[in-house]
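Below you'll find the structure, written out as structure tokens, and then a few comments.
The values are calculated or read from the model by the stated rules, or taken from the named source; none is laboratory data. Since the structure is predicted, the reported quantities are computational estimates derived from the model, not experimental observations. With ideal geometry, Cβ positions are generated from the backbone for all residues, glycine too; neighbour counts draw on all protein chains shown. Just so you know, the surface numbers come from the protein's heavy atoms only, side chains and all, with ligands and any DNA or RNA stripped out. Shrake-Rupley method; radii C 1.70, N 1.55, O 1.52, S 1.80 Å.
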Amino acid sequence: MTPLLDLFFPPLCKHCGEVTAFPYLCEECWQASQLLNPEGRCFHCFEEINEPTGLCDRCRHKPLLPFPRAALFAREAPICRLMNREESAEPMAGFALYQWLRLHWKEADLIAPIPPHKRKVARIFADLAQIRCPNLFRRIPWPLYPPRWEVKEQMIEEDATLLLFDEGCTFKELQMACAAIAQTFPKKVYVLSLTL
């Protein structure tokens, strides 16, 4: 039955449209969807660098974000077209766990999903890592000022290490999350983004 179905409905790559024997993407698109290598990247913005210092020129003078950041995939990677599919949450959480282990960051006490309304992958990632993942932020709308996020401070213990799990924030939202977290004075904060 499958060869007949493939004749009338050939399995096509979700990115380039080529016929493929692989699930979702063709071999070439899978190859173009490799995890970003943490080696040779800026400690703060995760952009590629040739500096032995671990910081790019911009972050050496004034980091865009106050906390170290890493990402799984380049924004243009073919796999990014699959991220919003219902069945992609578990594989993305697995990729995130693998990348997190490669970063050799200090183990987090708490995972905070950002933006607050997106947390499916973060929750699966937290289950895999066996770390709590509460909804830590609330959005404060204000008609006269730009919107901001506020942290539910009672959820953060003293000297906690936090992992902000970015499932698709704009840069402005990342800045709002970092500003809100900085006011709670955690011991250490890291940002892990699905895409860079």
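Output yes when any residue across the stretch 51-60 is of a type in the set (Gly, Ala, Ser), out of contact with any helix residue (DSSP H, G or I) (no Cβ under 7 Å at 6 or more places or on another chain) and under 30 Å from residue 179 (Cα atoms), and no when none is.
The answer is yes, given that some residue of the stretch 51-60 is of a type in the set (Gly, Ala, Ser), out of contact with any helix residue (DSSP H, G or I) (no Cβ under 7 Å at 6 or more places or on another chain) and under 30 Å from residue 179 (Cα atoms).
Return the residue satisfying two criteria in turn: it lies in the stretch 38-57 and is open to solvent by 50 Å² or more (accessible area, probe 1.4 Å) and not in a loop (DSSP other than H, G, I, E, B), and of such residues it is nearest to residue 105 (Cα to Cα).
48
Looking at 81, 75, 60, which one is under 29 Å from residue 123 (Cβ atoms), open to solvent by 50 Å² or more (accessible area, probe 1.4 Å), assigned to a helix (DSSP H, G or I) and at pLDDT below 95?
So the residue among 81, 75, 60 that is under 29 Å from residue 123 (Cβ atoms), open to solvent by 50 Å² or more (accessible area, probe 1.4 Å), assigned to a helix (DSSP H, G or I) and at pLDDT below 95 is 81.
Have a look at 194, 110, 162, 128 and point out the one that is at pLDDT 90 or above and within 15 Å of residue 71 (Cβ to Cβ).
Exactly one of 194, 110, 162, 128 is at pLDDT 90 or above and within 15 Å of residue 71 (Cβ to Cβ), namely 194.
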